[in-house]
1. Could you pull the Cα extents of the chain along its three principal axes, largest to smallest, in whole Å?
2. Rounded, prolate or oblate: which fits segment 283-466, taking a ≥ b ≥ c as square roots of the Cα gyration tensor eigenvalues, rounded meaning a/c under 1.5, else prolate when a/b beats b/c?
3. Using amide H atoms built 1.01 Å from N in the peptide plane, name the residues 5+ places from Tyr113, or on other chains, whose amide H lies under 5 Å from its own.
4. Output wanted: per-residue J couplings in Hz (rounded whole) for segment 182-193, from phi through Karplus 6.51 cos²θ - 1.76 cosθ + 1.60, θ = phi - 60°, x for Gly and Pro.
5. Using modelled amide H (1.01 Å from N, peptide plane; none on Pro or chain starts), what sits under 5 Å from the amide H of Phe255, excluding residues fewer than 5 places away?
6. Would you pull out the residues with amide H under 5 Å of Arg409's amide H, same chain only if 5 or more places away, H placed 1.01 Å from N?
7. What distance in nm separates the two pseudo spin-label positions at Glu72 and Arg53, each 7 Å out from Cα along the beta-carbon direction?
8. Pop the C-beta distance of Arg100 and Arg288 into the FRET formula with R0 = 30 Å and round what comes out to the nearest 0.05.
Amino acid sequence: MTIAPLRILHVASEVAPFSKSGGLADVCSSLPPALAEHGHDVVVISPFYGSLREFVSSGYLHTTSITLNNREFPIAFTEHKHLTQRVRYLFIQCEELYGRPGYYYDPATNRDYEDNDARFAMLACAALTWCQLNNWVPQVVHGHDWQSGSLPLFMRSPRFGGLFDNSRFVFTIHNMAFQGRFHGGARVWFDHSDEYAELGGPAEFHGMLNLLKLAIEMADAINTVSPTYAHELRTIEHMGFGLGPLLHKRHSHFFGILNGLDTTVWNPETDEELEVRYTATTLALRNRNKRALCEKCGLQYDQAMPVVSMVTRVSEQKGFSVLLPIVGDLISSPAQLIILGNGDPAYESQLKSLERAYPQRIKLITEYNEPLSHLIYGGTDMFLMPSLFEPCGLSQMMALRYGAPPIARETGGLADTISDYSHNPVSGTGFLFREYSSHALSHALKRAFFMFRDTARWRKIQRHGMKEDFSWRRSARVYEEMYRRALAAPRVFE
Ligand code: ADP
Ligand code: GLC
């Protein structure tokens, strides 16, 4: 079904390639253009962090000042060009709040910035201020994750004089583990918070201010990023990190919509970061990428020995507690292991000592490196994602598209995007395991290593994955349908 063009505002704390720590950034740079393709007028607004200075802006659009908590902050909005000209990407410059190296925490200390309440109150308030200054009133205000969770408070603020009274607030949960919890005193940064953060109110959770809860309570439509994660959130208590019952309560407004990929950026046929570009019919060329990857990582290239890789945040979510105990077994299979990622210092140090013990077999690169990530997807034999939970996961889709069959836990979006080869020899694309244990992971790895020895069969698995459609084509339509429903009904929260 087609719907009349809408004005849609996306508010997000990360947008690739400008700011990215994970898949949220990928989604916020690929869903908006997919919506614009369908004729909608789409604007994306995000903070201008210190690290964005390398991006040349296409000029100041507006300078203004915004008062929060009785303090006046000078603000500038700049526009940056991205791959597509059809979507406007706007950034909020506020040196005092965003002019630092990290997005959410200080990379020097690994501690959250203490003024994240003010920083993300500003994101919501400034995004709406831009609309006001430009007299551009969106029908849909679409927030992503807790950082934009205070939008419904500001949409109702007298400072905007009812401008957003006919707009609907749509909210996407990318990860339930991050909720934006603040002590009660933080409410001073948020308009209207006295009313909404009172005990028992939408913003209050266990005596704290919880921005994720606020957004879920007040949204006119809510979704998460895969059907299976939506189901898990509704049905498995611990998956909701305390907010499961609330999602249950809001089930008639809660949807699971699978993420897509920007298939122009993630395409092995055109990817400039690869040593050799290839397609499903020229897969033999791929070994040259494997060789280049091994060289870059200081590992010896051996066509017959599988290279298993991860490109990931190093965190509990990503399954390190089941992986670490079996790394020794994995490499003695024999195999090589490459991990690109950083995060939890305890996991990092365990990985570093494994790397020191087996330098010919393990390479750990504790940095964020976009070009290297492309070479890994295009050169590794297998891709590992033993996640404890995975709302969607984009990495496995990239791996599938680049012909690196994933070995992954059957949870969230991993269950929705990978089909197990042993169960589906006609179309299987990877290797899944269900139980969150080293034993189950080890068994899946063994199955993959066994299949890898049969080159003809392995090629089939690679090709099945490369044929899958991970574009936004289908999911962008489902988002439109969700917007349409939200607009057709009265606002949920007055
Ligand atoms: P999450 O959002 O939970 O981190 P996703 O699989 O949805 O997981 O998205 C991860 C995204 O971040 C992918 O685009 C992946 O390639 C990228 N990524 C993660 N870690 C790194 C890294 N160290 N260097 C480069 N890219 C990375
Ligand atoms: C979160 C999730 C990840 C998802 C991404 C984009 O970071 O952890 O599974 O793919 O958001 O929606």
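Coordinate-derived values only; no laboratory data. Predicted, not measured: the structure shown is a model, and the values here were computed from it. Quick reminder, even Gly has a Cβ in these numbers, built from the backbone with ideal geometry, and neighbours come from all protein chains shown.
1. Taking the Cα atoms of the chain, the three principal extents are 67, 45, 45 Å.
2. rounded
3. Under 5 Å from the amide H of Tyr113 lie the amide H atoms of Tyr105, Asp106, each far enough along the sequence or on another chain.
4. After applying 6.51 cos²θ - 1.76 cosθ + 1.60, I find 9, 5, x, x, 5, 4, 4, 7, 10, 4, 6, 5 Hz.
5. Ile222, Asn223, Thr224
6. Counting only residues 5 or more places away or on other chains, the set is Met385, Ser387, Phe433.
7. In this crude label model, Glu72 to Arg53 measures out at 2.6 nm.
8. The calculated FRET efficiency here is 0.15.
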